[in-house]
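What follows is a short report on a single structure.
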Amino acid sequence: MKDSHRWPSKVVVIGLDGATFDLIRPWAAQGELPNLKLLMDSGVSRTLQSVVPPISAGAWSSFMTGKSPGRHGVLGFRPYDLGRYTCFKEKLVNSSYVAGETFLDLLSDYGYKVAMICIPITYPVWEINGIMVAGLPTPGSGNYTWPEELGARLGTMSIPGDFHTYSPSAKFERSLTVLEARTALTIETLQDRSFDVTVVVLSSPDDAHHHFWKFIDPNHPSYDAKEAERYGNIPLELYKRCDEALGRMLAYMDDDTLVIVMSDHGGGPSPTHRFNTNYWLRSQGLLSVKQTPLSGLSAALGDILYTIKEHLPYKEHIRRILPVRTLSTLSSTLMNIASIDWSQTKAYRVPMYASMEGIEVNLQGRQPEGIVHPGEEYEELRCLVKQQLLDQFGPKGDGVIKAVYRKEEIYSGEHLRDAPDLIIGLHKDYTGGISLESPLITPVPKSFLDVWSGAHRMNGILIAQGRNVQVGVALDDASIMDLAPTILYALGIPVPSDMDGKVLLDIFEPAFAKQREIRYATPVAERQSLISGLTEEEEKEMVAKLRGMGYL
């Protein structure tokens, strides 16, 4: 039952997908975002670090569970399977990875009525004490709400898979349509005093970065002064509309409401250069290419297909309607897998996202043709590769690489095996590339940047305001995994001891934090999956959406 002494009376979380203080702080200072400024001035603010890689699937899963991707297993929209040289399983992640294991499920168990509105990785929906509208990715068919009848009266709640083919004006209008539909349902739950906790995700900031960054950045390769004059107001306008939506929501909150505004990751210009990891490994004698009459043609074919894919982004409709299994086969060609001599290869690239790149050791007993012995040889190789990368490209070199981590430094839990052996944090101007041939650094095609001018960054946002929250304080960075335990703490609910996140006591006034100790509970017993998985048609439709959004 509910804790009769809980504080606050309600919690409202407004997720601004992809929002960044790089834009919010200057615009707020200029008076463009009055409601966000009000919350920062009357509460606390800090950078919220995303998960690795900073992709929505893993980030929102960690937000909901308070756990690392190493525990919930969502590192991207496709699950990794590093026992295959294609690196991925032939399916998509879905809500079965988190259903029943979120802090909102725990609150439901305690009798709190919750609203989950368009949080990614919540399809298929499951039963909770309240309402749920599934977030990205959601197929065009099938039930996407709990209870089912809720969906019959809702407006347009999601961005379509072919969104990147829209004109800038049409993208803007569709983004506003989705924003209004989600805002309207949120206000409805706030007007209904029976709801205790509401979480909504507004996607417009992410739209602003991915599709419109080139209009506000004169240094962007795709910047065009005439187009900037016509469309350069759109990113600010999308943020302003989110701010206005926030203001409308605040009107229905009382003084006992804990308000949290946060993002799953940040945003900025897309990387403009590729670091061709496999070519570097080849140059170090750690990767070997098959020497056959067709080996050069095979390698070139992968490069050509990759280039075509990015030079012709508007003609990917065939690729986007292919099932995941076929995509996996095509990925094999795109990654030049057939050109690699695995019997002579000790390490190879694992694609991640944006400025994150992986390297996997070709380990005996794990990979199909592994040659590196487990134990001492494996560890020595990881240390060698890490040191060589840092020596050649680290901060003391040319700065291509910011950091290199062993996977245990980032992840823990049963899904540690799904993570690459080494994770490379590249400089923001660099992303991973597939080429096996010289040169090491190649440009990202301008035609790709024309369509996807912005990408994710690690630095998201966190703003909190409410009774017993400190006032006007900027705090050090926190992790997106910290929000679940912090919300449970604020409501007087014991925090499961297996959460990786920590309670952010510094959000609250010292006297309150001292008065209320953190209570811990044994981990929630693993629940039988509430979700049976995706049908073939659902998966096909969701692949199409994710392909159209640049995630697959």
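Odds and ends about this structure:
- Residue 41 versus residue 255: modelled label distance in nm, points set 7 Å from Cα along the beta carbon direction: 1.9
- Listed residues 374, 384, 405: farthest to the positive end of the dipole of the stretch 371-410 (Cβ charges): 405
- Per-residue extension of 0.36 nm, minus the Cα-Cα distance of residue 383 and residue 167, leaves a gain of 72.9 nm for this segment.
- The length gained on full extension between residue 184 and residue 290, counted as 0.36 nm times the residue separation minus their Cα-Cα distance, comes to 32.3 nm.
- Stretched out straight at 0.36 nm per residue, the stretch from residue 22 to residue 364 would grow longer than its current Cα-Cα span by 118.6 nm.
- Sequence-separation-based contact order of the stretch 1-106, relative, with Cα cut under 8 Å and 6+ spacing, percent: 16
- Evaluated over the stretch 104-240, the count of Lys pairs having alpha-carbon atoms less than 29 Å apart is 6 (only pairs 8 or more residues apart or interchain).
- Per residue, the average separation of C-alpha pairs within less than 8 Å and at least 6 apart gives the chain a relative contact order of 28 percent.
- Set of lysines near residue 540 by C-alpha distance (under 19 Å), chain-local residues within fewer than 8 positions excluded: 89, 91, 315
- Cα→Cβ-extended label distance, 7 Å offset, between residue 518 and residue 229, nm: 5.6
- Most positive-pole-ward Cα, 187, 176, 122, against dipole of the stretch 113-202 from beta carbon charges: 176
- In Hz, Karplus ³J(HN,Hα) per residue of the stretch 116-125 (6.51, -1.76, 1.60; θ = phi - 60°; x = Gly, Pro): 10, 10, 6, 6, x, 6, 10, 10, x, 6
- FRET E, pair residue 371, residue 429, Förster distance 41 Å, beta-carbon r, rounded to 0.05: 0.75
- Percent RCO, i.e. relative contact order, over the stretch 177-252, from Cα pairs under 8 Å lying at least 6 residues apart: 34
- In order through the stretch 218-231: 3J(HN,Hα) via Karplus (6.51 cos²θ - 1.76 cosθ + 1.60), integer Hz, x for Gly, Pro: x, 8, 6, x, 9, 5, 9, 4, 5, 5, 4, 5, 7, 10
Any read-out appearing in this document is the output of simple, stated calculations on the displayed coordinates, not a laboratory observation. This structure is a prediction, so every number in the text was calculated from the model and none was measured. As a convention, Cβ positions derive from the backbone with ideal geometry for all residues, glycine included, and neighbour counts pool all protein chains shown.
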